[in-house]
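K.L.:
Pasting a structure here, questions to come.
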2 protein chains.
Amino acid sequence: MNKNLDPLLLSQSRLSIIGLLYKSNELEFVQIKDTLKLTAGNLSTQIQKLKKADFLEIEKKFKGNYPQTICRITPKGIIAFEDFITNMNQFTNSFSFIIPANTDTKQNRL
Amino acid sequence: MNKNLDPLLLSQSRLSIIGLLYKSNELEFVQIKDTLKLTAGNLSTQIQKLKKADFLEIEKKFKGNYPQTICRITPKGIIAFEDFITNMNQFTNSFSFIIPANTDTKQNRL
DNA sequence: TAAATTAGTTTGTAATTTAAACTAAATTAA
DNA sequence: TTAATTTAGTTTAAATTACAAACTAATTTA
């Protein structure tokens with residue numbers, strides 16, 4: 001089978017989390033939770049999985065008196081996300097005989 | 001969260017199965033199994049799930065003396081797959097500031 | 001006629017998902 | 001001032017999913 005889609009990112013919640021961080025580099029736990037409308041429990045587990053894969057790092061600070069959890073995407077996370085996008089585009093483009101194609105050739109990795 | 005990706009298709013195996021059928025309309029169980037290198041057990045369960053969602057229909061015949069299971073994509077399956085592709089393209093294109101964009105506008109549904 | 005092959009289905013375990021329950025501190029209201 | 005509520009998370013537990021292994025059942029080959 002086509003095993004090129006990282007199963008860790010083949011998940012609505014984790015794909016969205018990494019996608020958000022891909023754009024913003026780092027975000028607060030609460031920002032992610034609110035933006036994606038995830039429960040805190042779910043987000044907590046998902047970022048732990050992403051951390052375990054070294055796709056993001058978690059920094060615990062304080063914002064005023066409250067604890068604050070910052071998530072930051074790692075170089076490995078960036079590459080994994082770009083690979084996912086590239087592979088998914090490749091897949092969707094293989095149906096361009098009916099669904100208009102993606103012009104993506106090879107991504108520019110920064 | 002971005003709840004527009006049908007979780008039934010957000011699976012490597014089921015996405016590939018429906019993708020194959022999207023191209024070929026109907027295929028034998030064994031053809032799908034061999035093409036995607038799935039185990040028979042896994043394929044059996046996955047097509048049952050897809051059937052339950054009315055994304056494909058299963059016809060049981062005989063080919064010579066051996067049983068033959070034909071899988072055929074349904075109109076509902078076609079729409080679901082096209083929607084998945086469209087939504088995934090929309091997602092990936094929202095990262096085109098770095099990853100080249102997909103030109104897909106609105107798909108032509110046949 | 002025994003062994004191997006074909007074509008699947010069912011089962012059992014492991015992993016995943018996610019809401020609910022919980023911890024722990026801070027803040028607000030009575 | 002102390003009780004209730006809010007903030008910010010983590011842990012748990014139940015439900016769902018994934019998938020290989022084991023199984024059924026017939027056919028073909030040696």
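The values are calculated or read from the model by the stated rules, or taken from the named source; none is laboratory data. Keep in mind that this is a model prediction, so the values were computed, not measured. Neighbour counts run over all protein chains shown; Cβ positions are idealised from the backbone, glycine included. Heads up: the accessible areas ignore ligands, DNA and RNA and are worked out on the full protein's heavy atoms, side chains in. Shrake-Rupley method; radii C 1.70, N 1.55, O 1.52, S 1.80 Å.
K.L.:
May I ask for the distance between the Cα centers of region A:6-50 and region B:60-90, given as a whole number of Å?
P.N.:
With region A:6-50 and region B:60-90 each reduced to a Cα centre, they are spaced 32 Å.
K.L.:
Report, for B:LYS49, each distance to the same residue's label point in the other copies, shortest first and in nm; define the point 7 Å along Cα→Cβ.
P.N.:
Nearest first, the other copies' label points are 1.3 nm away.
K.L.:
What gaps in nm, shortest first, separate A:GLN90 from its twins in the other copies when you place the label 7 Å past Cα toward the beta carbon?
P.N.:
Here the equivalent label points are 2.6 nm apart from this one.
K.L.:
Okay, next question. Among A:LYS52, A:LYS23, what's the order by accessible area (1.4 angstrom probe), most exposed first?
P.N.:
A:LYS52, A:LYS23
K.L.:
Using protein chains only (no ligands, no nucleic acids) and a 1.4 Å probe, work out which residues of region A:8-35 have their accessible area cut by at least 20 Å² relative to the chain alone.
P.N.:
Buried by 20 Å² or more upon assembly, which counts only protein chains, are A:LEU10, A:GLN12, A:LEU15, A:SER16, A:TYR22, A:LYS23.
K.L.:
Could you run the numbers on buried accessible area between A and B, total for both chains, 1.4 angstrom probe, in Å² to the nearest 100?
P.N.:
Working: alone 7440 and 7400 Å², together 11490 Å².
Chain pair A/B: roughly 3400 Å² of buried accessible area.
K.L.:
Sticking with this one: On average, how much accessible surface per residue is there in region A:47-91, in Å², for a 1.4 Å probe, leaving out ligands, DNA and RNA?
P.N.:
I get 57 Å² per residue for region A:47-91.
K.L.:
Can you list, shortest first and in nm, the gaps between the label point of B:GLU26 and those of its counterparts in the other copies, using a point 7 Å from Cα in the C-beta direction?
P.N.:
5.9
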